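The values are calculated or read from the model by the stated rules, or taken from the named source; none is laboratory data. Only a predicted model underlies this, so the values are computations on that prediction, with no experimental measurement involved. With ideal geometry, Cβ positions are generated from the backbone for all residues, glycine too; neighbour counts draw on all protein chains shown. Accessible surface is based on the protein model in full, side chains and every heavy atom, while ligands, DNA and RNA are left aside. Shrake-Rupley method; radii C 1.70, N 1.55, O 1.52, S 1.80 Å.
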Amino acid sequence: MKKGLILEGGGMRGLFSAGVIDVMMERGIIFDGIIGVSAGSNFGCNYKSMQPGRVIRYNTRFAKDPRYMGIRELMRSGNYIGAEFAYHTVPLELDVFDVETFEANPTEFYLVCTDVHTAEPVYYRMDRFDHESLERLRASASMPVITKPVKAGGRELLDGGISDSIPLKYFRSIGYGRNVVVLTQPLGYRKKPAPAWLFRMLLRKYPAIAEAMVRRHEMYNAQLDYIESKVSEGDTYLIAPEKPLPIGRLCTDIPKMESIYRLGREHCAGLIDDLRAFLDKSEARQ
């Protein structure tokens, strides 16, 4: 039975997930496939390249760099996070991504984007670390309003969390029968409705995205219910923070970022034996 890892987004809440996956890597836990959404894809690709510590390192190193993210970059380019600097200069020159290991690793890596014209999810298996894949990776984490749509694969794309925030159902549909889901919201969390008028005003150029954002709480909460049902059936293992993470999506407070990362590490370290036992059951069934 194929073992999968599903990583939710959430901006800098994703540093919790980064701590979790770093401990998994260090303890030698291997998945057949990984799928990430938004920060989950941007941080999760480092699992396939086997680079624990890289996520927290480059995020704290460049947190205050105006080329990385901030209002100045938003005013200059229309993107809060610097498209060229964050997605090309950093991984290719300044904190080098291990392309050779990524491309040689048999673990499948998928990411999720959203088509801006249909608001439907777009799933992409990322086998290479080339310009096209980096643009899709950027699209997966391109939040509406503060980021321009990204052109890739003949489409215009935005954040995958708009259309499929926690893609457990998709991963099961392509053969991953035993899965670990890492959330960045605590157990019991449910998303509340957003102000419809605001999204319809801010996203009037992209009405399908506006309507998806208005209904996003319904999609997200239904996915949480689905995950809980699969946990109760015994084929899904859920990892989530014990309480709301005290960090904003776009936080650049370095001590706070490091604190959230440590929380993820500590949380995973405390359940690693239980997690390993869960994954070993899938091997026994094969």
Item checked: Isotropically averaged projected area of the chain, using the convex hull of Cα atoms (one quarter of hull area), nm² -> 13.8 nm²
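Restricting to the chain, compute how many DSSP beta bridges are antiparallel as a %, nearest 5. If you can, show how the numbers build up before the last one.
Values: 12 of 31 bridges.
Looking only at bridges with both residues in the chain, the antiparallel portion is about 40 percent.
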Note to self: Using each residue's phi in segment 179-191, evaluate 6.51 cos²θ - 1.76 cosθ + 1.60 at θ = phi - 60° and report the 3J(HN,Hα) Karplus result to the nearest Hz, with x for Gly and Pro.
What the structure shows: 10, 10, 10, 10, 9, 10, 10, x, 4, x, 5, 9, 6
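If you keep only loop residues by DSSP, which chymotrypsin sites (Phe, Trp or Tyr not before Pro) in segment 160-251 have at most 16 other Cβ atoms within 10 Å of their Cβ?
Numbers: sites: Tyr170, Phe171, Tyr176, Tyr189, Trp197, Phe199, Tyr220, Tyr226, Tyr237; in loops: Tyr189.
Passing sites in segment 160-251 are Tyr189.
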Checklist line | segment 30-110 - Rg over Rh from alpha carbon coordinates, Kirkwood radius | finding: 1.01
Note to self: Give the aspartates and glutamates whose C-alpha is closer than 14 Å to that of Lys48, dropping any in the same chain fewer than 8 places away, or say none.
What the structure shows: Asp22, Glu26, Asp32, Asp98, Glu100, Glu103, Glu108, Asp127
Margin query: So, R0 is 30 Å and r is the distance between the beta-carbons of Arg61 and Glu218; what FRET efficiency does that work out to, to 0.05?
Written below: 0.20
Checklist line | Reach of Lys205 by Cα under 29 Å, taken over lysines that are not fewer than 8 positions away in the same chain | finding: Lys148, Lys151, Lys191, Lys192
Check: For segment 78-166, what is the convex hull volume of its Cα atoms per residue in Å³?
Finding: 95 Å³
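So what is the 222 nm mean residue ellipticity for the chain from helices alone, if each DSSP H run of at least 4 adds -39500 (n - 2.57) and you divide by all residues, rounding to the nearest 500 deg cm²/dmol? Display every interim value, and only then the final one.
Numbers: 11 runs with 126 residues, N = 286.
Result for the chain, helices only: -13500 deg cm²/dmol.
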Next item on the list: Could you check the simple spin-label distance between Arg204 and Ile272, using points 7 Å along Cα→Cβ, in nm with one decimal?
Entry: 5.4 nm
Next item on the list: Quick one: compute the contact order of the chain, relative version, from alpha carbon pairs under 8 angstrom and 6+ residues apart, as a percent.
Entry: 27 percent
Next item on the list: Compute the accessible area per residue over segment 33-141, keeping the other protein chains in place, probe 1.4 Å, unit Å².
Entry: 40 Å²
